[in-house]
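The values are calculated or read from the model by the stated rules, or taken from the named source; none is laboratory data. All values derive from a computational prediction rather than experimental measurement. Glycine gets a Cβ as well: all are built from the backbone with ideal geometry, and neighbour counts include every protein chain shown. Note: areas computed on protein heavy atoms with side chains; ligands, DNA, RNA excluded. Shrake-Rupley method; radii C 1.70, N 1.55, O 1.52, S 1.80 Å.
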Amino acid sequence: MAERLNAALPDGIDVIAVTEDAGGLPASRLTASEWQVILPGVSPDTAAPAVEKFLALEHAPVERLTNKGIRRMDARSAVVALDVDSVDTSGDTALRIVVRHTVPAVRPDDVLTALREVSDVAPAAPPLMTRLAQGSLGESGVVEP
């Protein structure tokens, strides 16, 4: 299968591995996502206490307007891990967030809303959110299916 796919793909795009699917809907195997969120203008000294306050909460209710109206969700119950991951070269703080897939879905911006409600974390510009992984939640984090 890999050889057939590689023959059909353009140069520079190669199939590295092929595995047999166990069946079932692929989306049902996606139970968590890992995100990096860069907070422009937020120092680690500001972010770290906010993260601690958030993690100490039992619940962090947030609301989001969707096409079905206002949705209420608990951002804290969906968060498996939240860490001040690093500081980039401009001095902005990067957070690492592992979010369990829930209904309704809790997104990284919902976590940031909850952080703002428990502290004074306010990025100087819109945060940059990058999904690093999506898959099953394992002991070592999010494992690709």
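Given the condition closer than 25 Å to L115 by Cβ and touching a residue at least 24 places away in the same chain (Cβ under 8 Å), answer yes or no: does some residue in the range 20-31 qualify?
Yes, the conditions are met somewhere in the range 20-31.
Do we have any residue at all in the range 95-114 that's open to solvent by less than 20 Å² (accessible area, probe 1.4 Å), under 12 Å from V37 (Cβ atoms) and either modelled with pLDDT under 90 or hydroxyl-bearing (S, T, Y) (or both)?
No - not one qualifying residue is present in the range 95-114.
Do any residues in the range 53-70 that are in contact (Cβ under 8 Å) with a residue 60 or more places away in the chain have Cβ atoms under 9 Å from those of residues that are among the β-branched types (V, I, T), where the two are at least six apart or on different chains, and which pairs are they?
Between residues of the range 53-70 that are in contact (Cβ under 8 Å) with a residue 60 or more places away in the chain and residues that are among the β-branched types (V, I, T), the close pairs are K53/V118; F54/V79; F54/V111; F54/V118; L57/V118.
Criterion first (more than 15 Å from the chain's Cα centre (by Cα), modelled with pLDDT under 90 and surrounded by fewer than 19 Cβ atoms within 10 Å (Cβ to Cβ)) does D88 satisfy it?
Yes; evaluated as a whole, the condition is true for this residue.
Would you mind stating whether G135 is open to solvent by less than 80 Å² (accessible area, probe 1.4 Å) and in contact with a Pro (Cβ under 7 Å, 6 or more places away or on another chain)?
For G135, the condition - open to solvent by less than 80 Å² (accessible area, probe 1.4 Å) and in contact with a Pro (Cβ under 7 Å, 6 or more places away or on another chain) - is met.
If you scan the range 88-113, which residues turn out to be in a strand (DSSP E or B) and either out of contact with any helix residue (DSSP H, G or I) (no Cβ under 8 Å at 6 or more places or on another chain) or of a type in the set (D, E, K, R) (or both)?
Selection gives A94, R96, V98, R100.
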